[in-house]
Amino acid sequence: MTQAAFLNPTHAPATVQTGTKAATRFLVLDSWRGICALLVALFHFPTSSMISQSAFIGSSYLFVDFFFVLSGFVIASSYGNRLNEPDDVARFALVRLGRIYPLHLVMLLAFAAFETLRLLLPQLRGTGAAPFTGGFDLNSFVANLFLLQGVGFESQLTWNAPSWSISAEFFAYLLFAGTVFIAGTRAWVWFVAATVTAPLFLLAFSSHHMDVSFDFGFIRCLYGFSLGALLAWFQHDSIAGARQALAGGGPRLAWTVAEIVMVAVIVAFVSLAGDNDAGIAAPFVFALALYLFAHEGGWISAMLRAPAMLTLGALSYSIYMVHIFVQARMISVGGLIERKLGMGLVGDIWLRGEDATGFGAGSPWIGFVAIVVMLVATITVSWFTWRFVEMPAMAWFRRLSKRM
């Protein structure tokens, strides 16, 4: 698929060939991925604005589970019948590594470069920990280098903190491929087992409800990924058939009402469930949303097929991987300005019941402006990493896999 076709819904095909059968391209779900990436970025950005203080944004870490469910759905849709030989598994692993690792490595090196700069320029250290200590020590760097930061090897979030989910997801890819290769058409049994046991494990052993990462992140990922894979296993063909019927004209109003209700359910659920055990149901809520929006039947789906939204979806992985670095550098610059001018840009704030350092110490409006600047900066940087890191790397790894 060309770049133009991907970004322009009027040229994007309904299906793409993926080996033994045509797999449906879920453009609206791509747009949702971009929205969720921005919501996670807002969750991580500390400001005194009402946006940051809201219960919805304060629990938006749950949208990471949307990524897991969607990944399981897309991977199972595309590869559920294509992992029959050892070479198929090897090619799959290589392509998936090429999808996630190059940008992860670039951002890891960017953080390491800044730690080196802090070591050389004491004025950049601020009131934080010494360079290459805490979550930025060399042992953790090695763990991140080998994608081990989200599977129980670390005792805290380290370096590019959101990358714990990339670590967990890569090993979920490998487990999926191995399960399908060995179990074949009965692989769904193992996905059911994971979907049932993973939430029970989290409820029994996690004191942070669904908010686990470096400790039980792989279990959390396996839960959502397996549920998404099950949805693809049993519903992919029915969704594809329904989409074809809708393309010829269908009950758009009914689908639109269903989509509006689903969005309201998501907002209410995330707002109410993020700080308690009800959050354990997040993958099921997102699986229901994924099933609904995969049909692309309503007017909300039509809006999500707009070029700007599809572009946001294309940038989603970059947004997710670069936003912490952008935010941290904004706070670094804001702290330098604050120490020189005392404008109330950055300082101690009260964020959702906890002490934090962030934007808007002098006024919530400063926090709001900082959010706008952060989103613009994150999307801008994400375009560059998507264009010059993600796309070339994926193309190179695909060519390499075809030589196997």
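Its relative contact order, with pairs defined as Cα atoms under 8 Å and 6+ residues apart, puts the chain at 29 percent. In whole Å, how far is the Cα centre of region 358-398 from that of region 40-71? Centre-to-centre (Cα) distance: 15 Å.
Under 5 Å between amide hydrogens, built in the peptide plane, is the criterion, and for S206 it picks out nothing among residues at least 5 positions away or on other chains.
Once the Cα-Cα distance is subtracted from the 0.36 nm per residue extended length, the L120 to F146 segment shows a gain of 6.7 nm. Length gained on full extension, F234 to V192, computed as 0.36 nm times the residue gap minus the Cα-Cα distance: 13.9 nm. Computed over every Cα-Cα pair of region 184-234 and binned at 10 Å starting from 0, the pair-distance distribution P(r) comes out as 27, 49, 20, 3 percent. Backbone N atoms of region 88-126 closer than 14 Å to the 7 Å Cα→Cβ label point of L336 belong to residues 114-115, 117-126. Applying 1/(1 + (r/R0)^6) with R0 = 41 Å to the Cβ-Cβ distance of F132 and V373, what FRET efficiency is obtained, to the nearest 0.05? The value I calculate is 0.90. Stokes-Einstein, applied to the Kirkwood radius of region 292-336 over Cα pairs at a viscosity of 0.890 mPa s and 25 °C, places its translational diffusion at 192 µm² s⁻¹.
For the pair region 87-154 / region 204-226, the C-alpha centres are spaced 21 Å from each other.
From helices alone, the chain scores -22000 deg cm²/dmol at 222 nm; the rule is -39500 (n - 2.57) for each run of n ≥ 4 DSSP H residues, then divide by the residue total. Span-like helix check, the chain: qualifying full DSSP H segments, with Cα axial length of 15 Å or more and mean Kyte-Doolittle of -0.5 or more, are 27-44, 63-79, 86-120, 164-183, 187-205, 217-247, 252-273, 282-294, 316-341, 364-385, 391-402.
Projecting label points 7 angstrom from Cα along Cα→Cβ for W365 and A264 puts them 3.4 nm apart. The length gained by stretching the chain between M343 and F388 to full extension, at 0.36 nm per residue less their Cα-Cα distance, is 12.5 nm.
By definition, a body whose alpha carbon gyration tensor gives a ≥ b ≥ c is oblate when a/c is 1.5 or more and a/b is not larger than b/c, and region 18-166 fits this oblate description. Structure remark: mean-square fluctuation, Gaussian network model of the chain, C-alpha springs under 10 Å; the largest value among G228, G217, G178 belongs to G178. How much of the pair distance distribution for the chain lies past 26 Å, counting alpha-carbon pairs only, in percent? The answer is 55 percent, as a whole percent.
Quick note: the coordinates plus some simple rules give every number you see, no bench work behind them. Treat the numbers as computed from the prediction; the structure is a model and nothing was measured. Cβ: placed from backbone, ideal geometry, glycine included. Neighbour counts: every protein chain shown.
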